Amino acid sequence: MLNRIWLFFFVASAMAVIWQLFHGKYAVLSVMTNALFESAQLAATICLGLVGVLSFWMGMMRLGEMGGMTAAIARVTEPMLSKLMPEVPKGHQAYGSVTMNLTANFLGLDNAATPLGLKAMADLQLLNPKPHIATNAQIVFLVLNTSSITLVPVSVFLYRAQQGAAMPADIFLPILLATSASTLAGVISVVIAQRLPIFRGLTLVYIGLLMAFIGASIAYLATRSIDTLGTISNVLGNGILLTLIFAFVMVAAWRKVAIYDEFVEGAKQGFTQAIALIPYLIAMLMAIALLRSSGVLELMLSGLASMVSLLGMDTRFIDAMPTALMKPLSGSGSRAMMLETMQQHGVDSFAGRLSAIFQGSTETTFYVLAVYFGAVGIRNGRHALTCGLIADAAGIMAAIMVCYWFYG
């Protein structure tokens, strides 16, 4: 799958370049060349930036495992996760690391989510009989990451505040509705692809409780101001994070674990893993850079605008689509597109709000796929990318519909 995707990026970029050269836009050649070298440098920068934080979290996770804390956490979520990952044995350490990653994502703790995700993928790889091919459990985990809900997307609120929005947090509900649709579509696509019998018995009770909790959280947080939301996010997220860190150390020490020695051993694994990511990230970021710099996205937007106009539909959403199309490819690229849309059309315009909803409700699917699968050497992701893109598409369509509902 990854080989075909990589080839598609190159072919699409080459066709776009030929089109631009045919129309006399020769500057695209230098733009693409610069983009290639910048992507290689970016890949190294990202991985080196991960060295410290990944080493730290791998060391902490080793203490959590040795002290039994991750096993205790896993017991809470294992009944539900085991329905999505039936091939993972009962009591396996992967349940704990998967739970911690999903919790970090839910709380918007980006610095913790990626290292914990890499640890979870490595734990799931221990059960992989064909190391270069993704297992069903690894695909479920990746799709949950590419579509996972962030309870309070504070970063998007802050960008809107910086651009002078009258009420920066007024897109809170639209974002949660759109990202919920993305997650639901991603889970359903995986359930269908893997024929998982989850919609029955006790599983429905867990799903109902989860939806009730999310609904209650939305109802409460929707009444709070941006300052209050920021405080809640900061206290809840960092409070849980620090509690876990202290608990891992204290419980491990109480159980007579050599905490310093074990932390160092775990940190060594994190260092090695961060460096090993560089080739995979270079390959994916280079292909994405070609796609961006060749003008493929502009051509896609022009075609979409023409089609919408021919159908006689409202075209206001087209102005925000650069953010939607960029988000699966690049987080920094989609952020730049969002800010550009806000500056051009106004932060409180329809397009400005929609671009912010796109930014907060979908994930960088190709980046997540390259990092998580690359970390364990998986080359065949099977239906992971398809399910992830289905989740992205659902999030984009839901964002558009919700934006028309709230601001149309």
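The values are calculated or read from the model by the stated rules, or taken from the named source; none is laboratory data. Because the structure is predicted, anything quoted here is derived from the model rather than measured. Heads up, the Cβs are rebuilt from the backbone with ideal geometry, glycines too, and the neighbour counts pull from every protein chain shown. Ligands, DNA and RNA are stripped out before the accessible areas are found, and what is left, the full protein with its side chains, is counted by its heavy atoms. Shrake-Rupley method; radii C 1.70, N 1.55, O 1.52, S 1.80 Å.
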Over segment 4-46, the set of residues within 22 Å of the chain's Cα centre (by Cα), within 30 Å of F271 (Cα to Cα) and touching a residue at least 12 places away in the same chain (Cβ under 8 Å) is I5, W6, S39, A40, L42, A43, A44, I46
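Answer yes if at least one residue in segment 307-322 is open to solvent by 10 Å² or more (accessible area, probe 1.4 Å), within 22 Å of V28 (Cβ to Cβ), at pLDDT below 85 and part of a helix (DSSP H, G or I), and no otherwise.
Quick first cut of segment 307-322, residues open to solvent by 10 Å² or more (accessible area, probe 1.4 Å) only: 307, 309-319, 321-322.
Then keep just the ones that are within 22 Å of V28 (Cβ to Cβ); that gives 321-322.
Then keep just the ones that are at pLDDT below 85; that gives none.
No, because not a single residue in segment 307-322 is open to solvent by 10 Å² or more (accessible area, probe 1.4 Å), within 22 Å of V28 (Cβ to Cβ), at pLDDT below 85 and part of a helix (DSSP H, G or I).
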Taking segment 383-408 only, how many residues are open to solvent by 40 Å² or more (accessible area, probe 1.4 Å) and either modelled with pLDDT of 90 or more or in a helix (DSSP H, G or I) (or both)?
10
Within the bounds of segment 325-343, is there any residue that is within 23 Å of M167 (Cβ to Cβ), buried (at least 17 other Cβ atoms within 10 Å of the Cβ) and among the polar types (S, T, N, Q)?
yes
If you take the residues in segment 240-272 that are within 30 Å of G374 (Cα to Cα) and among the aromatic types (F, W, Y), which one is nearest to the chain's Cα centre (by Cα)?
F271
With (1) more than 15 Å from the chain's Cα centre (by Cα); (2) under 18 Å from V402 (Cα atoms); (3) at pLDDT 85 or above as the list, and A169 as the residue in question, which single condition is left unmet?
(3)
Counting only residues that are farther than 18 Å from R224 by Cβ, assigned to a loop (DSSP other than H, G, I, E, B) and in contact with a Ser or Thr (Cβ under 9 Å, 6 or more places away or on another chain), which one in segment 143-185 is most open to solvent (accessible area, probe 1.4 Å)?
S148
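Condition first: part of a helix (DSSP H, G or I) and open to solvent by less than 30 Å² (accessible area, probe 1.4 Å). Now tell me which residues in segment 246-268 satisfy that.
From segment 246-268, those part of a helix (DSSP H, G or I) are 246-254, 259-268; that's our starting set.
A247, F248, A252, G266, A267, listed by residue number.
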Would you check if L369 is within 17 Å of H132 (Cα to Cα), assigned to a helix (DSSP H, G or I) and open to solvent by less than 20 Å² (accessible area, probe 1.4 Å)?
yes
Given the residues Q359, Q343, which is the only one that is within 30 Å of A274 (Cα to Cα), in contact (Cβ under 8 Å) with a residue 40 or more places away in the chain and part of a helix (DSSP H, G or I)?
Q359
Only one of L281, L297 is more than 17 Å from I18 (Cα to Cα), part of a helix (DSSP H, G or I) and modelled with pLDDT under 80. Can you tell me which?
L281
Of the residues in segment 47-61, those that are touching a residue at least 40 places away in the same chain (Cβ under 8 Å), open to solvent by 50 Å² or more (accessible area, probe 1.4 Å) and more than 17 Å from F246 (Cα to Cα) come to L48
